[in-house]
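Below you'll find the structure, written out as structure tokens, and then a few comments.
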Protein chains: 2
Amino acid sequence: MDTGYFNIHWYPLGTMKGNAFDPNCPTRLVLDRIGDKWSVLVVLSLSSGPRRFTQLRDTIGGITPKVLTQTLRAMERDGLLIRTVFAEVPPRVEYALTPLGQSLQSPIGAVAAWAEENVEAVIAARERAPV
Amino acid sequence: MDTGYFNIHWYPLGTMKGNAFDPNCPTRLVLDRIGDKWSVLVVLSLSSGPRRFTQLRDTIGGITPKVLTQTLRAMERDGLLIRTVFAEVPPRVEYALTPLGQSLQSPIGAVAAWAEENVEAVIAARERAPV
DNA sequence: CTGGATCCATTTGGATACTG
DNA sequence: CAGTATCCAAATGGATCCAG
């Protein structure tokens, strides 16, 4: 597969020339995946080491098994984590970040940190806004 | 308004203690907004200065006027950008990042850079995966 | 324990056409 | 130019129950 996009690089802010702006660029697909709310929380959860399905479900408040499964499968397909099944009873399945997934910790951590630092400002702006 | 969450801070990766994991924490809302595909592209577009509606629509490939409007309005409500209407004919409306919005450039830039750098790896993993 | 299967409400966003 | 209005298809995600 060759989309012709793989060798295009980002430019410094202010001189940026598209790429992600092109709807056909695969960067869009990647942005969608890592921009997903649940994916972000999964990466955060796995930052401290491998976790089991139930651990993740309990850690990430409000996620249903179905959605968690979908998220994990998608991230596995994208090479962000690996799923290891132990042949035991009861079954045990462990999820762990791959090196690729680990490389996501920093940028995602930056976004999460921003969110935490600026929740107050955003909420304030939201309440200041006319209904 | 006091949700009781505003003074909780992030912990270093590995000792993180929740917060964004709580479904009731406003951090979730903020993550949703800045994690949005279109919001990311708008921030990127406005990084080099104010832009008009049509400029944004043309720059961001594949976005419809309706969705662009929705995105801009939401970001305005959240204090990320300001909308300036000039009383001219034909009408002119300019969008510019607020200081808060500008502070998003760095984390969003990090995520976008990651996406660009790892598109190849992600696509490769995706194609390696069983159908 | 780890999900798969099913059903369903809601949301999202795309296409298209139209207006102050 | 800068949107609105309308309609609608598809995807998202939640609830619930079931199974290897």
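The values are calculated or read from the model by the stated rules, or taken from the named source; none is laboratory data. It should be emphasised that the depicted structure is a prediction, and the values quoted were computed from it without experimental measurement. Cβ placement follows ideal geometry from the backbone for every residue including glycine, while neighbour counts extend to all protein chains displayed. Accessible surface areas use protein heavy atoms only, side chains included; no ligands, DNA or RNA. Shrake-Rupley method; radii C 1.70, N 1.55, O 1.52, S 1.80 Å.
Just the residues that are part of a helix (DSSP H, G or I), open to solvent by 50 Å² or more (accessible area, probe 1.4 Å) and within 11 Å of DNA strand C (Cβ to nearest atom), please, taken from region A:54-68. Give the derivation first.
Of all residues in region A:54-68, those part of a helix (DSSP H, G or I) come to A:54-59, A:65-68.
From the residues that got through so far, the ones that are open to solvent by 50 Å² or more (accessible area, probe 1.4 Å) too are A:54-55, A:57-59, A:65-66.
Correct list: A:54, A:55, A:57, A:58, A:65, A:66.
State which residue is nearest to the other protein chains (Cβ to nearest Cβ) when the search covers only region B:89-131 and only residues that are in contact (Cβ under 8 Å) with a residue 24 or more places away in the chain and charged (D, E, K, R). So the residue we want is B:94.
One line per residue, one yes/no per condition, for (1) more than 18 Å from residue B:31 (Cα to Cα); (2) at pLDDT below 90; (3) not hydroxyl-bearing (Ser, Thr, Tyr):
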{"position": "B:86", "(1), (2), (3)": "yes, no, yes"}
{"position": "B:93", "(1), (2), (3)": "yes, no, yes"}
{"position": "B:96", "(1), (2), (3)": "yes, no, yes"}
{"position": "B:101", "(1), (2), (3)": "no, no, yes"}
{"position": "B:107", "(1), (2), (3)": "no, no, yes"}
{"position": "B:112", "(1), (2), (3)": "no, yes, yes"}
{"position": "B:118", "(1), (2), (3)": "yes, yes, yes"}
{"position": "B:124", "(1), (2), (3)": "yes, yes, yes"}
{"position": "B:131", "(1), (2), (3)": "yes, yes, yes"}
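When residue A:54 is tested against the conditions (1) modelled with pLDDT of 90 or more; (2) of a type in the set (Val, Ile, Thr); (3) more than 14 Å from DNA strand D (Cβ to nearest atom); (4) farther than 26 Å from residue B:38 by Cβ, the lone failure is (3). Has region A:12-32 got any residue that is facing another protein chain (nearest Cβ under 7 Å), within 12 Å of DNA strand D (Cβ to nearest atom), within 17 Å of residue B:32 (Cα to Cα) and buried (at least 17 other Cβ atoms within 10 Å of the Cβ)? The answer is no; no qualifying residue exists.
Tallying residues that are more than 8 Å from DNA strand C (Cβ to nearest atom) and open to solvent by less than 20 Å² (accessible area, probe 1.4 Å) within region A:69-78 yields 4. Close contacts from region A:44-70, counting a first residue that is within 13 Å of another protein chain (Cβ to nearest Cβ) and among the hydrophobic types (A, V, I, L, M, F, W, C) and a second that is within 10 Å of DNA strand D (Cβ to nearest atom) and outside any helix (DSSP H, G or I), with Cβ to Cβ under 7 Å and a gap of 6+ residues or different chains, come to none at all.
Residue B:109: more than 16 Å from DNA strand D (Cβ to nearest atom), on the phi < 0 side of the Ramachandran plot and assigned to a helix (DSSP H, G or I), yes or no? So residue B:109 passes the test.
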